[in-house]
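Right, one structure below, let's go through it.
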Amino acid sequence: MANNTEFDFRGINHLALTCADMDRTIAFYRDVLGMPLVKTIDFPNGRGKHYFFDVGGGDTIAFFEFPKGPQSVDAKMHAKMAATPGMMHHVAFNVTSEDIERYRRRLVEKGIEVTEVVNHDDSETGASPEVNATTFVRSIYFRDPDGMQLEFAAWSRALTPEDVKADYRTAWKN
């Protein structure tokens, strides 16, 4: 991956997401996905919870519990919300390419609805049934109990400067 010359980032400290039921969230992320619960914050006077799970590599995913918030959204509403700037689309957890199909089977065995493996590539459709020379990541997608789309993603080749084909025309360009 490219080096950042402006800031010395060390990965993702944590992503802060929301959930409706912390016990259900713990049961999914700790007990189904196997992520250790590493920090819990219970705010005084029953004002909520903020819990952190270890996702490996020194990174964590955290949840704020909002039991009185809106219930999770269906797939159609999620697609609309995820296309809104400022909204999160999905969280992708890095796994090895050798493990992706085994992890898919393991999720299915645990009763999780999961997609087939998607081989993201540089073809016109953006994905192919089989791995090819332009496949850059292999993925499976599934949802947590609140409807958040999750992905297990496995890099399948090193990215190069040729992978950046965008013409930068933004207000941030100097």
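The values are calculated or read from the model by the stated rules, or taken from the named source; none is laboratory data. Being a predicted model, the structure only gives us computed values, none of them experimental. Cβ coordinates were reconstructed from backbone atoms using ideal geometry, including for glycine residues, and neighbour counts include every protein chain displayed.
For segment 140-162, filtering for residues that are within 18 Å of Lys110 (Cα to Cα) and small (Gly, Ala, Ser) leaves 1.
For segment 103-144, a residue qualifies if it is on the phi > 0 side of the Ramachandran plot and at pLDDT below 95, and exactly one does: Gly126.
For beta carbons closer than 9 Å, sequence separation of 6+ or different chains, a first residue in segment 11-32 that is assigned by TED's automatic domain parsing to the domain that holds Asp54 and on the phi > 0 side of the Ramachandran plot and a second that is at pLDDT below 95 and of a type outside the set (Val, Ile, Thr), the qualifying pairs are Gly11/Gly57; Gly11/Gly58; Gly11/Asp59.
Just checking, does segment 74-87 include any residue being charged (D, E, K, R) and either at pLDDT 90 or above or assigned to a strand (DSSP E or B) (or both)?
No; the residues of segment 74-87 include none that is charged (D, E, K, R) and either at pLDDT 90 or above or assigned to a strand (DSSP E or B) (or both).
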